[in-house]
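Notes follow the structure.
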Amino acid sequence: MRDLTDDDRSGALLRRVFNSEYGFLVVVLTLLVVGLSLAATNFLTPSNAVAILHQSSLVLIVAVGMTFLLITAEVDISVGANLAFASCVVMDVINQTNSVALGALAGIAFGAGVGLINAFVTLVLKVNSLIGTIAMMMALQGGVYLYTREAVQNHHQIEIFPKIATGFILGIPVPVVFAAVVALAGWFYLARTRGGRLVFASGANEAAVRLSGYSPARVKFGAFVMTGALVGLAAVILASLLNAGQPTAGTGFELTVIAAVLLGGTSLMGGRGTILGTVLAVLILKIIDNGIIMLRWNQDLQIIVPGLVLILALYMDQKKRGPAHG
Amino acid sequence: MGKSDVATAGAADFHDLAPALAVTGLSKSFPGVKALDDVSLSVRPGEVLALLGENGAGKSTLIKVLAGIHKADSGQIEIDGVPQDFTNPADALDAGIKVVFQEIALIPEFSVAENMFLEDHLAGKANLVNWREIHRRAQEIFDRAGFALNTRAKVKDLSVSEQQLVEISRAMARDARIVIMDEPTSSLTPAEVTHLFGVINRLRKLGIAIVYVSHKLEEIFEIADTCVVLRDGRWVSTKPTSEHTPASLVKDMVGREITSLFPHSDRTVGREIVQVEDLSSKRLDDISFHVRAGEVVGFFGLMGAGRTEVAKAIVGFDPITKGRIRIDGEDLKPHSTVRSKALGIGLLSEDRKTEGLMLDGSVTRNMTLAALDQFTRNGLMDHRAETKQAEGFVDRFAIKLARLGQPIRNLSGGNQQKVLLSRWLMFGLKAVVLDEPTRGIDVGAKAEIFALIDELAAQGLAVILMTSEMPELLGLSDRIYVLSEGRMTGEFTRENATQEEILDAAIR
Amino acid sequence: MKSTHVLSAVAIAAALSGTTALAQDGEGLRIGYIVNYATHEWYQNVILGMEQRAEQLGHTVEVIDANLDMARQVAAAEDFMAREMDVIIMTPVNEEGVVPILRRARADGVPIVLEGNPAPGMQTVVAICDYDTGYLAGVAAGEALGADAEGIRVMNVGLPLLSATILRSRGFMDGLQTVIPSAEMVHDLDGGGNPDRSQEVSAAALAADSDIDVIYGINDSSALGALQAWRAAGLPEDDLMVVGTGAEGLAFLNEMQTEGPYQLEAAMFPEKIGFTAIDTAVALFNGEEVPEYVISPTTALTLGEVSSYYSYDGESREIQWDAVNALEAPEQCMMYASDL
Amino acid sequence: MPLSANPALPQNMLSRTLRKVAGQSEIALFVSLVLIVIVFSSLSEYFLTTRNLTNVLGQASIILLIATGVAVALIGGEVDISVGSLVAAVALPLVEIMNATGSLSLGILGALVLGLMIGAINGYLSAYLRINSLIVTLGMLFLIRGGVYLWTNKRAQADTAYLDSFFAIGNGKAFGIMPIPAIIAGVIVLMVMFIMHKTRFGRRIYAAGGSAEVARMVGYDVRRIKFICFLISSTLATIAGILLASRLGAAVHTSGQGYEFQAIAAVVLGGVSLAGGRGNILGAALGVLILAYLSNGLGMINAPTEWQLVITGIVIVAAVSLDSYKKSKE
C-alpha cells in the first residue's frame, strides 16, 4: 500500500491487523481459543479438537458452495431441507443396492438435482433466488415425508459405512479430510483459475460479464449445482454420522451456513468473498457453540451469540469499508 | 407564479439588475484534495451563465455546495443580497436554488406530477397528500411552459428528455429563482436540445437566473450570456460569451491549446467485416448494413431510434426475431455474446456503471476481463503476465491511477472509459461497437478517445460508432447510417453528409 | 375484465348465501384429531392406533397437523368446529396455549379430549406418565447395572423446552438412584429432541468429559444421536448403557437388535395412546363419566421383552394389542408437570 | 409512447372504482382468491360457510399484520425478518404485566415498549450504522428467540389474570360473526394503506425505498424514514403478538417461528418488490389471504401437511415467475 500516509504506518498494530482482510477473524479466533483454554481445562484436548472439527466439517462443506453462490450474488435457502432429504436418499439407496458408493452417488446426484432445479427457477424462470429457494425449502420439507414417513434405518449394516463419519485417515477424522479437500479445491478455484475470476465478475457486474463474451448464467448454474452436490456430500456424512436417513435433520442448517459465510466476509451483494474467510468463520461459530457446552453455560446462548457475532462482524466490515459503500 | 411582471422588466436587459445569486471566495477541501479554491461568481435574473471546466475542475463540487449537499469550508453564498447558510438540500431549495442534476433525480415509480411536488406533496396541516391539487398544479405548469406531458404517466416510462422536462417543471413548481443545469443535454438528441433551449429562453423571460454546465462548446455559444471557466478548483476567467472563440474557451479550460479535436488519418479500407441483413427485433425493423475493415461507421438517431438496440443485437446481447448477422463471413449463430466474441466483435456499452464496470474490482481485473484466456495456462491464471499486460495498456493510453490494484470506482470517467476500451483491445477484435463512448467525459479526455478511435481504424479494425453528438458523428465517421423508430432511414458518406440532411433523415 | 366481474359476483353471492353444513348421516362419530407434529413417527403411530381403534368401533378420524405452530393449532380447532365434528382430540403444541380455544369449544358445546399434556379448563386428558416412564426405566437400568455398581455417571440428552421431557429425565435419575444412590448426572444437555442436534451437543460434552456409563435420551432420536456421538469420538462401547424413550418407531428396534449398548427402552406405546384417546373421546361424546386423567400404560423393555409387544420385520412394526392391552396403567402419576 | 397513455376510457362504474384503488396485479390477485374459494367450495361442503370464511379472516389476522409491517419495510428498501421472534417476545411483558397488575392496557403498553425497542435497535443498526438489514434482523431473530428462552426458561407463561377483554381481542366475534382479531387487523391495514398512499410520509417511504439517492437529494432524511419503517414493522408485529397471545391465552416461547418467511412469501406473492419502492399494501394483504384460504381449504379436504408445504411452495414460485415473466415482456 504505497499510498498510505505516515500516520497510518505508525498506527496501532491492532488497528492494522483489524483492517487486514482476515485480521478481525483471526483475532476473534485467537481470543476464543486462548480464552476458552484458560476457562475450560478440557477445551484444548485432542478429543475436543476432533469434536469441533467434526461439527465444523459438515457446515464447511456446504458453506464452500454457499460462498460461491453468494459471490455470484445468489443464495440458496433450501440447503437444510435438501440435506435432510438427501440423507434419506443415501440410506435408502444403500439399503436397496448394498453399495455405499451407489448410495453416496445417489445422495450427491439428488443434492445436485435440487441445485439444478434452483438454478432453473432462478435463471430461467427469473425468480429471485431468495424466494425461489425458500419455496424449494418448503417443497422439500413436505416432499421428504412423501418419500419416507420415518427415519430411514440402516438395514445393510455395511461395516465401512459408519466409518465415513467416524473413521480416521492418518489420524485425521474422515469428514475433516472431506471438508479440507472441498475447501482447498474451492479456494484454489476461486483464487487461481479463470473460472474463479468469472465467479467474482458475475456477481460484481453480470451485464459486463455477458458483454465480455461469457455466460454468467452458466457460472451461476454451476454455483447452484455445486452447492447442491456439496449438500449431497454432506448428507452422506450426516447419514453415516446418525446411522440413519433423518427427514427431521437440518433445521436451521441454512441459517448457520449463511451466517458463517457472511461472517467470513463474503458480501451479500455479490462480487466479494473468500474461502479462507469462510473457513475461519465456521471455526469461530463452532468453537463458540462448543465453548458454551464446555463452560456449562446456558445452551440458549448458542442461538444468541452467533446473532451478536454476525451483527458485530458486519459492523466492523462496514466501518472498515467506510460509508461510501453503504 | 406571478413572475410575469419581473419578466417584462428583467428580460430586456439583465445587466441592470442586482445578482440573484452571488458566490464569493468559496473554498472546499476533501481529504487530500482541494476541490474548490477561492471561487467567486454571480448571476443575475434572466441571465444564462455557462460554467465550464474539465472533469475535476470543481464544477460538480461547486454545484453540490450550491445545492446544499456539501458545506463549504469558507466563502459566502448570497441570494438577492442575503447571506445563506445551507445545512441540507432542503435549505437550498427553500432559498430558491434548484439543481437539475445530470443523473436525473426523479423517482421512477412515481407519476410525473408527484415527482414535481416531492418536497412537500402539497400536504396541508394534517400531512395528507393532496393528489387532486398536485395534478392540477402540474397541468397548470405544463400549460404555461408548453410541455406536452401527461401528469399521470410514470416517470420510468418517459424518455430521458421528457424526464428532464419534469425536472425543470419541478423547478418551476418550486418558484425557483435560480436553476442550475448540470450537463442537461448529455443524453438529448439535437431536436430535443433545440426544444430545451426554447424552454431555457422561456425561463429566462420569467426572470429566472440560470447556471448552465456543459462540455459542449457549440451549445454554450448558442445559449449562454456569460462564461465562467474553472480549472483545478480555481477560477480562471469570467467573460461575456461574445468575447470568446471556441479555441479561447478550450484554452481556458485545458490550459493549453488543442489543435484538432477530430483526427482523421488516411487509411486503407479492407474487406467487409460486419454484414447485417434484415435484422429485426422487438424494437428494430429490417435493418441492413455493412462495415469494412479500417472504416469508422457512425450511427445516428434521436432518442429511442434504436441505436443502442442495434449495438446490443449485433453482439448477441439482445435477442433478435429475424435476420442474419455475419462477422468476417461467419454467422453469429448461436445468437450469444459468447459466439460474437469468438467471431471477434465486442461492444463498449453506453452505460459504464451498470454494463461495464465492476466498481469495487481493481483496475487490472476490470481491464483483463475479456482477455482472461490469454492469461490462462491449463485453466490457471498467470497473475504476473496479467499485471504486465495491464501495465502496458496503462502506459499506452496514459491512464491516470494511483496503482493497478485500486478500485476502479475511484478513477475519473475518462480513465474508466480508457480501461474499458483496453478490455477489448487487449482481447484483440476485428470489429468494435462503441455506444456513446464519450458520454460524461471531459474535453481533454474526449480528444484522447477520438484519437484512439482513429488509431483503431488505422490499424484495420471495423469501428461502429453510435452517437447522438453531431460534431462527433461528422468529425469521426467515414460513413453514416441514420435510424428512426427502429428503421434505417438514411445512409451518407463522409463527403456528402450534412447536418441538415442527417437530421431530416432522423425524423423521417 | 368481464370475466372478472362474473367470477367475483358468483363468489360473493355464494359466500353471502352461506350454505349451512349438511346434517350428519348418523353412521359413526366424526372425530377430529389435531396433531402436534404429524411428520414425527411417534405421532404417526398415535394416528395409526386411533385409526385402528376407530375402525373397530365404526367411527371416522380426520387429522389436521399443527406442525408445531400454536396459532395453526387454534386455527385447526376452529376449522374442525366449522366442520361440525362430533368430538375433537388434540395434542397441544404447548399446553398453556390452548386455554382460550378450550373455552370457546366448551361454549360451542364441542367436547375436547387432550392428548399428552393437561391444560387448565380441560375436560379430560389421555396421557402416559412421563415421570413414571423415566422412573421405571431408571429402576430397570439400575437393576441391570447391579445395585452394588459404584460411581455410575449419567449423560442426559434432554429437552428442557417441554415439561414432559423434563419429567422423563428427572424420573430416570430418581429411579436410577433408588437402586444406585451414588449415581450422578454429569452432563445435562439440550439435544433439541432431534438426532443431529443431539449428536452435536453430545460430541462437545463427551470431549469435555467422556467418563460416562449411562446415556439417557428423552426420546429415541436423542438417545441415538448421543450414541452416534459416542461412536464418532471412538469411545469403547462395551461398558456403555444407552436408554431411549418412547418406542417411537423403528429406529430403536433396529439399534437394539444389534445387541450393542442400546439395552433398554422406556416404551410408551404411541399406538396404545391413540387407542385410548378414541375410547375416551367416544365416552365423552356419549356423556359417560370420564376421569380427568386417563393414563395410558408404559413400561421399560429389554431386548428380550420387545418382541412380545412389537413384531418387527426390518421394514415395519406391528403392535401386539393383546400384550399391550394387558399392561396395567396406574391410577395416578407419581409426578405431574404442575409439580415442577 | 407512454405520454399518450389514455386517461381512462369510459367504462362501467365498477371497473373504474376498482382501478382507482387497485392496479392490474391486484385485480389478478383478487381473481385468484375468488378462484381458490370456488375450487374449495366444490371440494368441501364446509368451506363456503360464513363461519369458515370469517374464521379464516381471524386466523389470517396475525400473519396479515406481520406481513403488512414487512411490506412497509420492503417498500422502504429494507427487510425485517426478526418479526417471527418478536411475536413471541412481546407476549412476555404483556402477560406478565397483566398477571401482576390485572390491567390489559398496561400489558399492551409493556408489549409496545418492548416491540418499539426492538424496532429501534433494528432501525438504528440498519439505517444509521448502515449494516445490511437482512443480516441485522437475521441476527436479531436468533438473539430475541434466545432471549425469550432465557427469560422464560422455556416455559410458556400462562395468562392468569383471565381478563374478558384480553380473551375477547383474539377470540371474540363481533355480532357473532366477524372475529375481532380480523376487525383489528383490517382496521390497522386500512390505516397503513391510508398512510402509504395518502400521507406525505407514506410517499417518502416509497421514495426512500425506490431511489434512496434521489430521496436524499430532494432533502428527505432517508435514514430517519428507514428507521421509522422498522418501528412500523415492529409495531405491527407487536400487535400481531398481542392478538396471538390472546388466542393462546399465554405467552408461548416457541410461537412465531417461521412467520417471517410466511410473511415475506405472502407479500412477494402480493407484488411487493424485494428491491424496494414497489408494490402496495392491498396487494400484500391479498397475498396473505390467498395463502390463508389455500391452507384452510387444503385442511378442509384433509390434505396432509407435506402436500400443503409442497403446494404452497409451488404457488409462490409460480406467482413470482409469472410476475417476472410479465416484467420481462414490458
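The values are calculated or read from the model by the stated rules, or taken from the named source; none is laboratory data. None of the values given here were measured: they were computed from a predicted structure. With ideal geometry, Cβ positions are generated from the backbone for all residues, glycine too; neighbour counts draw on all protein chains shown.
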Residue selected from the range D:76-101 under the condition among the acidic types (Asp, Glu) and under 15 Å from D:Ala263 (Cα atoms), by the criterion surrounded by the fewest Cβ atoms within 10 Å (Cβ to Cβ)
D:Glu78
Only one of A:Leu25, A:Leu53, A:Leu116 that is in contact with a Lys or Arg (Cβ under 9 Å, 6 or more places away or on another chain), closer than 24 Å to A:Glu254 by Cα and touching a residue at least 24 places away in the same chain (Cβ under 8 Å)
A:Leu53
Being polar (S, T, N, Q), within 8 Å of another protein chain (Cβ to nearest Cβ) and assigned to a helix (DSSP H, G or I) is the filter here, so list the residues in the range A:125-175 that pass it.
A:Gln141, A:Thr166
I'd like to check something: does the range C:71-90 contain any residue that is touching a residue at least 40 places away in the same chain (Cβ under 8 Å), of a type in the set (Phe, Trp, Tyr), under 30 Å from D:Ala168 (Cα atoms) and crowded, with 22+ Cβ neighbours inside 10 Å?
yes
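To keep it simple, each residue is scored yes or no on (1) under 25 Å from B:Arg267 (Cβ atoms); (2) among the hydrophobic types (A, V, I, L, M, F, W, C).
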| position | (1), (2) |
| --- | --- |
| B:Met466 | yes, yes |
| B:Met470 | yes, yes |
| B:Leu476 | yes, yes |
| B:Arg479 | yes, no |
| B:Ser484 | no, no |
| B:Thr493 | yes, no |
Criterion (buried (at least 22 other Cβ atoms within 10 Å of the Cβ), modelled with pLDDT under 95 and not β-branched (Val, Ile, Thr)) met by exactly one of C:Tyr33, C:Tyr43
C:Tyr43
Given A:Val309, A:Val305, A:Val231, which one is at pLDDT 90 or above, part of a helix (DSSP H, G or I) and hydrophobic (A, V, I, L, M, F, W, C)?
A:Val231
Criterion violated by B:Arg144 - all others in (1) at pLDDT below 85; (2) more than 26 Å from B:Ala224 (Cα to Cα); (3) assigned to a helix (DSSP H, G or I); (4) charged (D, E, K, R) satisfied
(2)
From C:Glu318, C:Glu271, C:Glu265, grab the single residue that is in a strand (DSSP E or B), touching a residue at least 24 places away in the same chain (Cβ under 8 Å) and of a type in the set (Asp, Glu).
C:Glu265
When the residues of the range D:208-246 are filtered to those that are within 7 Å of another protein chain (Cβ to nearest Cβ) and at pLDDT below 95, which remaining residue is nearest to D:Asp80 (Cα to Cα)?
D:Gly210
From the list C:Gly138, C:Gly171, exactly one residue is under 21 Å from the mean Cα position of the chain (by Cα) and under 30 Å from D:Trp151 (Cβ atoms). Which is it?
C:Gly171
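Can you find a residue in the range B:454-476 that is over 28 Å from B:Leu372 (Cβ atoms), of a type in the set (Gly, Ala, Ser), assigned to a strand (DSSP E or B) and in contact with a strand residue (DSSP E or B) (Cβ under 6 Å, 6 or more places away or on another chain)?
To start, the set of residues in the range B:454-476 that are over 28 Å from B:Leu372 (Cβ atoms) comprises B:454, B:467-476.
Going one step further and asking which of them are of a type in the set (Gly, Ala, Ser), we end up with B:468, B:475.
This time we only want the ones that are assigned to a strand (DSSP E or B), so: none.
There is no residue in the range B:454-476 that is over 28 Å from B:Leu372 (Cβ atoms), of a type in the set (Gly, Ala, Ser), assigned to a strand (DSSP E or B) and in contact with a strand residue (DSSP E or B) (Cβ under 6 Å, 6 or more places away or on another chain).
So that you can scan it fast, the table gives a plain yes or no per residue for (1) out of contact with any Ser or Thr (no Cβ under 7 Å at 6 or more places or on another chain); (2) assigned to a loop (DSSP other than H, G, I, E, B); (3) closer than 21 Å to C:Pro236 by Cβ; (4) free of Cβ contacts under 8 Å to residues at least 60 places away in the same chain:
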| position | (1), (2), (3), (4) |
| --- | --- |
| C:Ile166 | yes, no, no, no |
| C:Ser169 | yes, no, no, yes |
| C:Leu176 | yes, no, no, yes |
| C:Ser182 | yes, yes, no, yes |
| C:Met185 | yes, no, no, yes |
| C:Asp196 | yes, no, no, yes |
| C:Ile212 | yes, yes, yes, yes |
| C:Ile215 | yes, no, yes, no |
Identify, from the list A:Ala201, A:Ala217, the residue that is out of contact with any Pro (no Cβ under 9 Å at 6 or more places or on another chain) and within 14 Å of chain B (Cβ to nearest Cβ).
A:Ala217
Can you confirm whether C:Asp65 is within 8 Å of another protein chain (Cβ to nearest Cβ) and acidic (Asp, Glu)?
yes
Limited to the range B:284-314, what total is found for residues that are assigned to a loop (DSSP other than H, G, I, E, B) and either free of Cβ contacts under 8 Å to residues at least 60 places away in the same chain or under 23 Å from the mean Cα position of the chain (by Cα) (or both)?
5
When residues of the range B:76-107 are limited to those that are touching a Lys or Arg at 6+ places or on another chain (Cβ under 8 Å) and away from every other protein chain (no Cβ under 13 Å), the one surrounded by the fewest Cβ atoms within 10 Å (Cβ to Cβ):
B:Asp80
How about the range C:292-307: which of its residues are surrounded by 12 or more Cβ atoms within 10 Å (Cβ to Cβ) and not in a strand (DSSP E or B)?
C:Ser296, C:Pro297, C:Thr298, C:Leu303, C:Glu305, C:Val306, C:Ser307
Please work out which one of (1) more than 30 Å from C:Gln44 (Cα to Cα); (2) touching a His at 6+ places or on another chain (Cβ under 9 Å); (3) of a type outside the set (A, V, I, L, M) is the condition A:Thr248 fails and give its number.
(1)
Looking at the range B:99-118, I want the residues that are of a type in the set (Gly, Ala, Ser) and have a partner that is in a helix (DSSP H, G or I) and surrounded by 24 or more Cβ atoms within 10 Å (Cβ to Cβ) with Cβ atoms under 7 Å, at least 6 apart or on another chain. Which pairs are those?
B:Ala113/B:Ala138
State whether one or more residues within the range D:271-283 are of a type outside the set (Val, Ile, Thr), crowded, with 22+ Cβ neighbours inside 10 Å and touching a Pro at 6+ places or on another chain (Cβ under 9 Å).
yes
Output the residues belonging to the range B:123-141 that are more than 9 Å from every other protein chain (Cβ to nearest Cβ) and part of a loop (DSSP other than H, G, I, E, B).
B:Gly124, B:Lys125, B:Asn130
Determine the pairs where a residue that is more than 7 Å from every other protein chain (Cβ to nearest Cβ), located within the range D:253-277, has a partner that is in a loop (DSSP other than H, G, I, E, B) with Cβ atoms under 6 Å apart, the partner being 6 or more residues away or on another chain.
D:His253/D:Lys154; D:Glu260/D:Ile81; D:Gly271/D:Gly279; D:Val272/D:Gly279; D:Ser273/D:Gly279; D:Gly276/D:Gly77
Given the residues C:Gly192, C:Gly225, which is the only one that is within 12 Å of another protein chain (Cβ to nearest Cβ), of a type outside the set (A, V, I, L, M, F, W, C), part of a loop (DSSP other than H, G, I, E, B) and closer than 27 Å to A:Ala49 by Cβ?
C:Gly192
Which condition number does D:Ser165 fail, the rest of (1) in contact with a helix residue (DSSP H, G or I) (Cβ under 8 Å, 6 or more places away or on another chain); (2) closer than 22 Å to D:Thr254 by Cβ being met?
(2)
What's the number of the only condition in (1) within 14 Å of chain B (Cβ to nearest Cβ); (2) surrounded by fewer than 24 Cβ atoms within 10 Å (Cβ to Cβ) that D:Val187 fails to meet?
(1)
Report yes if some residue within the range B:391-399 is in a helix (DSSP H, G or I) and either closer than 22 Å to A:Gly213 by Cβ or among the aromatic types (Phe, Trp, Tyr) (or both); otherwise report no.
yes
